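Heads up, the thing below is written out as structure tokens.
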Amino acid sequence: MAVNRVPAWTELDMNGVGARAKVVAFDLDNTLARSKRPMSEEMAQRISALTCLIPVAIITGGRFELVDIQVLSMLDADACRGNMHLMPTSGTRYYRWNGSEWHREYAYDLSTDERQAVIAAFERHARELGLWTEHTWGERIEDRGSQITFSALGQEAPIEEKEAWDPDNAKKNALAAAVGAEFPELAVHSGGATSVDVSRRGVDKAYAIDRLSTMLDVPVDSIVYIGDRMDPDGNDYPAAMAGTIAIRVTGPHDTLKVCDELIARLS
């Protein structure tokens, strides 16, 4: 289903959303938490409560280790972990709770040659576009196996620096377009505040939504997907195009309100 503009949560009939919802899926960075930061205690309470009411999925461009730090470590003791579906690196990997630990169910890794070529292209195009800064905080290009992620300021950059670097997404979109033109067989999306992600084409957040629908035996249009990058160049947009009940938020403060609305209707 093609989507031009994804509505903000304030534009939706939340009674109708709650009545249709069979699964609630979330982006992570700037949706559940600020970039690379653990989600707040208030958000942890909401997510924990939702897991006891409905299947909850986390579909993020970040790696599993970040999901663990930002989300899993913050959950309440009574959260229903068996009702959670973790799909990091833009859905190219999938983890479930087996009663004692998080088990990886699948991974769609890029080949060694593909990963090396993408890494080289990121540096070349970033330099050409003037996006290769001399100083970074942490790793600039991260090989996540199933996804290569370029972070302009480094993975550990201060959140204030990240949010100020590309507020209109123009820098990320230019880099994504340049790299994407070189690798038409791969999927290239601007991701978080300073990042661009490359993964296998066809295995993205839309793929994750489709797999989730099949595994849980629910229609795609009964999956609520909540994210902040719902513009056509953003990595949440494929989830909206998949036909979900897509809800656009501007940050965790919005997501808290959406969670409260859903909890009230699902309880």
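When S111 is tested against (1) in contact (Cβ under 8 Å) with a residue 12 or more places away in the chain; (2) on the phi < 0 side of the Ramachandran plot, just one condition goes unmet, and that condition is (1). Taking first residues from segment 204-229 that are within 20 Å of T31 (Cα to Cα) and part of a helix (DSSP H, G or I) and partners that are open to solvent by less than 10 Å² (accessible area, probe 1.4 Å) and among the aromatic types (F, W, Y), the Cβ contacts under 7 Å between residues at least 6 apart in sequence or on separate chains come to I209/Y225. Figure legend. Inter-residue proximity from segment 155-168: first residues β-branched (V, I, T), second residues open to solvent by 90 Å² or more (accessible area, probe 1.4 Å) and assigned to a loop (DSSP other than H, G, I, E, B), beta-carbon distance below 8 Å, spacing 6+ or different chains. Indicated pairs: I159/R34; I159/R37.
You will find that of D217, D231, D166, the residue that is surrounded by fewer than 24 Cβ atoms within 10 Å (Cβ to Cβ), under 27 Å from A120 (Cα atoms) and of a type in the set (D, E) is D166 and no other.
Test D168 against the stated conditions and say whether it is part of a helix (DSSP H, G or I), at negative phi and out of contact with any strand residue (DSSP E or B) (no Cβ under 6 Å at 6 or more places or on another chain). Answer is no for this residue. Assess whether R140 counts as being open to solvent by 30 Å² or more (accessible area, probe 1.4 Å) and within 15 Å of G62 (Cβ to Cβ). Taking the combined requirement at face value, the residue does not satisfy it.
When segment 99-113 is limited to residues that are open to solvent by less than 80 Å² (accessible area, probe 1.4 Å) and not charged (D, E, K, R), the one that is farthest from V188 (Cα to Cα) turns out to be G99.
Every condition in (1) of a type in the set (A, V, I, L, M, F, W, C); (2) under 24 Å from E261 (Cβ atoms); (3) open to solvent by 50 Å² or more (accessible area, probe 1.4 Å); (4) modelled with pLDDT under 95 holds for A2 except the one numbered (2). Inside segment 117-136, residues that are touching a strand residue (DSSP E or B) at 6+ places or on another chain (Cβ under 9 Å), of a type outside the set (D, E) and open to solvent by 50 Å² or more (accessible area, probe 1.4 Å) make up a count of 1.
Checking L110, L175 one by one, the residue that is part of a loop (DSSP other than H, G, I, E, B) and of a type in the set (A, V, I, L, M, F, W, C) is L110 and no other.
The values are calculated or read from the model by the stated rules, or taken from the named source; none is laboratory data. Computed from a prediction, not measured in an experiment: that's the story for all the values here. Here the Cβ is made from the backbone with ideal geometry for all residues, glycine too, and neighbour counts use every protein chain on show. The accessibility values were calculated without ligands, DNA or RNA, using every heavy atom of the protein model including side chains. Shrake-Rupley method; radii C 1.70, N 1.55, O 1.52, S 1.80 Å.
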